[in-house]
Amino acid sequence: MALLKQMNEEAAETEERCAALAGRFEGKKTAILEEAKETKDKGAKMLEIYLDADSDVLDGFEFLTMAEAGEVGHWEVLEQIANTAQATEVIELTKWAIPIQRRHFSDAKATSTKLAAGEDPNEES
């Protein structure tokens, strides 16, 4: 699916930009990258818990919708912290990333809704 491919490519670019920026924080790079890895690992564990062998495409997109909503929230919090700290490079990164994250959330939600519309409410599980 082209949408998922694009989202994956944009997520990879975001990760690269974040790692590059983390490298500019003297004495904090390792801690920032470790925190990012822990967050990524937690997301993977949540995915394992949420989706099982009986999960379908709608379940996958529902999970993606929740994950993307969390991403938007995270980036907006980071933007506020960066503004308060007057961290110009972080502010620039958030201004680049937030529209992408909002689009990811919107696309995931729209796809979930479209898939849900095609569900038979009377079908037995």
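Values quoted throughout were computed directly from the atomic coordinates according to the rules given, and no laboratory measurement underlies them. This one's a predicted model, so the numbers in the text were calculated from it and none came from an experiment. Every residue, glycine among them, receives a Cβ derived from its backbone with ideal geometry; neighbour counts consider all protein chains shown.
In a DSSP loop and with at most 10 other Cβ atoms within 10 Å, the GluC sites (Glu not before Pro) in the stretch 41-124 are Glu119, Glu123, Glu124. Here the spin labels are modelled as points 7 Å beyond Cα on the Cα-Cβ line, and at Lys42 and Arg24 they lie 2.6 nm apart. Look at where the Cα atoms of the stretch 40-105 and of the stretch 1-35 average out, and the two centres are 12 Å apart.
Per 10 Å bin from zero, what fraction in whole % of the C-alpha pairs of the chain is there, up to the bin with the longest pair? Calculated over all Cα pairs of the chain, the distribution is 11, 37, 31, 14, 5, 1 percent.
Name the GluC sites (Glu not before Pro) in the stretch 1-47 that are in a loop by DSSP and that have at most 11 other C-beta atoms within 10 Å, would you? Each step should come with its number before you reach the end.
Working: sites: Glu9, Glu10, Glu13, Glu15, Glu16, Glu26, Glu34, Glu35, Glu38; in loops: Glu26.
Taking the stretch 1-47 and a limit of 11 other Cβ atoms within 10 Å, the loop GluC sites (Glu not before Pro) found are Glu26.
Considering only alpha-carbon pairs that sit under 8 angstrom and 6 or more positions apart, the relative contact order computed for the stretch 7-117 is 31 percent.
Number of Lys-Lys pairs in the chain under 18 Å by Cα, sequence gap 8 or more or different chains? Could you put the intermediate results ahead of the total?
Values: Lys5/Lys109; Lys28/Lys37; Lys29/Lys37; Lys29/Lys40; Lys37/Lys45.
For the chain, qualifying lysine pairs total 5.
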